[in-house]
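Okay, so here's the structure we're looking at.
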Amino acid sequence: MEALKKNPAWKGRRGPVVLVIMDGVGYGKYTEGDAVADSKMYHLDAIKAKSPHAKLKAHGKAVGLPSDDDMGNSEVGHNAMGCGRVFEQGAALVSASIAKGAMFTGAAWREIVSNITGASGAKGTLHFIGLFSDGNVHSHLDHLKAMIRQAKKEGIKKVRVHVLFDGRDVGETSALEYLDPFEAFLKEECQSAGDAGGFDARIASGGGRMWITMDRYGADWAMVERGWKTHVHGEARQFPNAREAVETFRKEIPGIIDQDLKEFVVAREGKPIGPILDGDSVVYFNFRGDRALEISAAFEEDRFDKFDRGRRPGICYAGMMEYDGDLHVPKRYLVSPPAIDRTMGEYLAATGVRTLAISETQKYGHVTYFFNGNRTGKFDDKLEDYVEIRSDVVPFEQRPWMKCAEITDEVLKAISSGKYDFIRLNYPNGDMVGHTGVYQAVVCSMEGMDIQIGRLAKAVEEAGGLMVITADHGNSDDMFEHNKKTGEVVRKEDGSPKAKTSHSLNPVPCIVYDPEYRGEYETEPKDGALREGLGISSIAATCIVLLGYLPPGDYDKPVLRAKDAEA
């Protein structure tokens with residue numbers, strides 16, 4: 001890796017460049033439901049008023065997703081910001097692999113199938129576990145349906161699906177909108193096989209994504225344990241079908257949303273219809289890695305101490321993708337992830353730039369692993385420090401400020417120490433609290449974060465540094481469901497707005513705060529000082545310019561427009 005070249009036009013600054021990622025904070029399309037605009041963001045507004053700023057794209061094709069109807073997410077967003085270019089991402093890779101048939105000719109799928117069919121014909125069950133929606137952030141039901149059809153085609157006789165209800169990347173109470181058509185799909189596939197085919201595909205267990213299975217960053221292993229007992233052992237409250245489970249939980253727990261639905265198993269005469277047994281195969285069909293690593297570890301690791309697994313079945317396990325390229329988790333995966341090289345972090349290490357990356361547990365992996373192009377570990381131990389502030393294991397709406405103050409405390413120490421040239425941090429509030437759908441909590445989270453941005457701005461000014469404020473995608477800017485045709489707020493029976501818990505398609509801010517500006521780039525007029533129409537992949541080149549270097553030639557343009565430069 002070659003070092004970056006110095007920018008001869010850059011006049012230097014005394015202090016570091018601080019990249020502030022306000023996770024889940026965008027510019028709302030609607031007045032009603034925009035908790036960001038509704039919050040008293042005095043410090044952020046003051047910084048923006050005296051700094052060049054622009055709106056950046058953070059969804060769809062701008063971050064490597066299949067279409068501009070696809071919302072961005074924290075993983076692809078940090079990939080884009082960290083590598084400075086747009087790479088085709090998980091959903092697109094999986095869809096292409098299925099369309100070309102490559103998935104089903106690959107070694108992993110062949111092992112999954114042969115483990116069940118063997119030389120003597122079908123002998124086991126093929127299980128699918130994953131997020132049950134078409135949100136296209138962690139998974140897509142079209143991928144699951146394609147694999148079920150292929151399994152049937154290849155002579156697998158028994159399929160069991162373990163559903164993780166969404167309510168986060170899709171409508172908060174949309175479970176039955178996915179469940180009913182899927183049950184009809186399974187019924188049709190079973191009936192079309194005929195008596196001779198004997199194809200048996202059914203939903204076997206499930207629960208909400210924030211209650212079972214889909215924990216991340218080791219924040220709450222109890223979630224994974226509940227999922228393990230449900231999917232593997234068939235230990236949970238029993239129902240004759242998944243629909244009855246959903247309806248019962250909604251009746252018993254008024255106001256519960258899909259992501260929090262309790263665990264259940266489908267049973268016949270008191271016996272679960274789909275526990276995972278020796279000789280079975282399991283596919284975890286989420287393509288996104290952060291909420292796939294822990295359940296993968298439970299299935300794959302021989303030495304495992306996070307909870308008592310009890311009976312651990314001897315199975316053939318595969319993930320949809322490789323969730324950790326350095327640790328090679330899982331050992332078997334159906335589609336290869338994008339090969340991301342020459343990230344900003346790697347260039348900075350090769351150039352001798354001293355770096356700090358910091359967030360709390362919920363987003364620590366984003367400012368490290370995902371920012372570095374899905375790479376675990378550092379590029380240079382001597383030049384890089386990574387700091388994780390442990391997140392509280394409580395519902396985010398109960399602690400909407402999360403750990404933004406503690407993160408800021410550490411960053412202020414880092415700025416005053418003079419040890420670092422580049423500091424990147426993530427405030428998770430806008431995303432994690434935004435996902436709860438609790439409007440008041442989101443406003444609280446924004447205003448709490450704003451106080452910390454004010455503290456940062458003061459420290460950056462005293463140190464003579466620069467601060468780039470941006471986001472990885474929108475969320476808190478779009479907290480109510482809206483009618484897509486009329487734009488009106490969708491309301492519940494009691495007249496209150498229906499909460500929206502998923503990410504938005506809205507642009508995000510890019511603000512360059514430079515207290516010791518020395519004339520290297522345009523600043524007037526304010527709204528035209530930065531290039532418009534770019535995506536968040538431009539953040540990498542922007543930071544490199546502010547550090548005094550020339551970005552790699554194939555990086556996306558920086559948002560800064562040099563003096564006398566062409567637009």
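The values are calculated or read from the model by the stated rules, or taken from the named source; none is laboratory data. Model, not experiment: these values are computed from the prediction. So basically every Cβ, Gly included, is an ideal-geometry build from the backbone, and we count neighbours across all protein chains shown.
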With surrounded by fewer than 22 Cβ atoms within 10 Å (Cβ to Cβ) and part of a loop (DSSP other than H, G, I, E, B) as the only criterion, which of Gly135, Gly124 stands out?
Gly124
Scope the range 333-358; condition surrounded by fewer than 20 Cβ atoms within 10 Å (Cβ to Cβ) and at pLDDT 95 or above; matching residues
Arg342, Glu346, Ala350, Thr351, Gly352, Arg354
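Would you check if Glu406 is in contact with a helix residue (DSSP H, G or I) (Cβ under 7 Å, 6 or more places away or on another chain) and in contact (Cβ under 8 Å) with a residue 12 or more places away in the chain?
no
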Failed item in (1) in contact with a helix residue (DSSP H, G or I) (Cβ under 7 Å, 6 or more places away or on another chain); (2) buried (at least 24 other Cβ atoms within 10 Å of the Cβ); (3) polar (S, T, N, Q), with Asn73 passing the rest:
(1)
Cβ-Cβ below 6 Å, separation at least six or inter-chain, first residue in the range 498-519 and not assigned by TED's automatic domain parsing to the domain that holds Ala541, second in a loop (DSSP other than H, G, I, E, B) and surrounded by fewer than 22 Cβ atoms within 10 Å (Cβ to Cβ): which pairs?
none
Looking only at the range 476-518, filter to residues that are closer than 30 Å to Lys563 by Cβ and among the aliphatic types (A, V, I, L, M); which one of those is surrounded by the fewest Cβ atoms within 10 Å (Cβ to Cβ)?
Ile511
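Kindly evaluate Glu532 against the criterion of being in contact (Cβ under 8 Å) with a residue 24 or more places away in the chain, over 21 Å from Ala62 (Cα atoms), of a type in the set (D, E, K, R) and surrounded by 12 or more Cβ atoms within 10 Å (Cβ to Cβ). Spell out the reasoning first.
Details: in contact (Cβ under 8 Å) with a residue 24 or more places away in the chain: yes; over 21 Å from Ala62 (Cα atoms): no; of a type in the set (D, E, K, R): yes; surrounded by 12 or more Cβ atoms within 10 Å (Cβ to Cβ): yes.
Answer is no for this residue.
Yes or no: Leu176 surrounded by fewer than 24 Cβ atoms within 10 Å (Cβ to Cβ), closer than 30 Å to Arg491 by Cα and either out of contact with any strand residue (DSSP E or B) (no Cβ under 8 Å at 6 or more places or on another chain) or not β-branched (Val, Ile, Thr) (or both)? Steps first, answer last, please.
Working: surrounded by fewer than 24 Cβ atoms within 10 Å (Cβ to Cβ): yes; closer than 30 Å to Arg491 by Cα: yes; either out of contact with any strand residue (DSSP E or B) (no Cβ under 8 Å at 6 or more places or on another chain) or not β-branched (Val, Ile, Thr) (or both): yes.
Criteria met by Leu176.
With respect to Gly279, is the statement that it is outside any helix (DSSP H, G or I) and on the phi > 0 side of the Ramachandran plot true? Give the steps one after another, and end with the answer.
Values: outside any helix (DSSP H, G or I): yes; on the phi > 0 side of the Ramachandran plot: yes.
So Gly279 passes the test.
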Is there a residue in the range 537-545 that is at pLDDT 95 or above, under 27 Å from Gly64 (Cα atoms) and assigned to a loop (DSSP other than H, G, I, E, B)?
yes
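Grab the strands (runs of 3 or more DSSP E) fully contained in the range 421-531, keeping just those with 1 or more residues being among the small types (Gly, Ala, Ser). Can you show your working first?
On the way: elements: 422-427, 466-470, 508-513.
Correct list: empty, since no element meets the threshold.
Listed residues Thr368, Thr376; which is touching a residue at least 12 places away in the same chain (Cβ under 8 Å), in a loop (DSSP other than H, G, I, E, B), β-branched (Val, Ile, Thr) and under 28 Å from Glu2 (Cα atoms)? Break it down stepwise before answering.
Details: Thr368 fails: in a loop (DSSP other than H, G, I, E, B).
One residue alone meets the criteria, Thr376.
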Quick one: Asp45 ticks every box in (1) in contact (Cβ under 8 Å) with a residue 12 or more places away in the chain; (2) under 30 Å from Leu356 (Cα atoms) bar one, so which box is it?
(1)
Qualifying position, being part of a strand (DSSP E or B) and either under 26 Å from Pro515 (Cβ atoms) or at pLDDT below 90 (or both), among Leu65, Leu56, Leu44
Leu56
Scope the range 374-400; condition crowded, with 23+ Cβ neighbours inside 10 Å and closer than 22 Å to Ser537 by Cα; matching residues:
Asn374
Looking at the range 459-477, I want the residues that are within 14 Å of Met446 (Cα to Cα) and have a partner that is surrounded by 24 or more Cβ atoms within 10 Å (Cβ to Cβ) and among the polar types (S, T, N, Q) with Cβ atoms under 7 Å, at least 6 apart or on another chain. Which pairs are those?
Gly474/Ser504; Gly474/Asn506; Asn475/Ser504; Asp477/Ser504; Asp477/Asn506
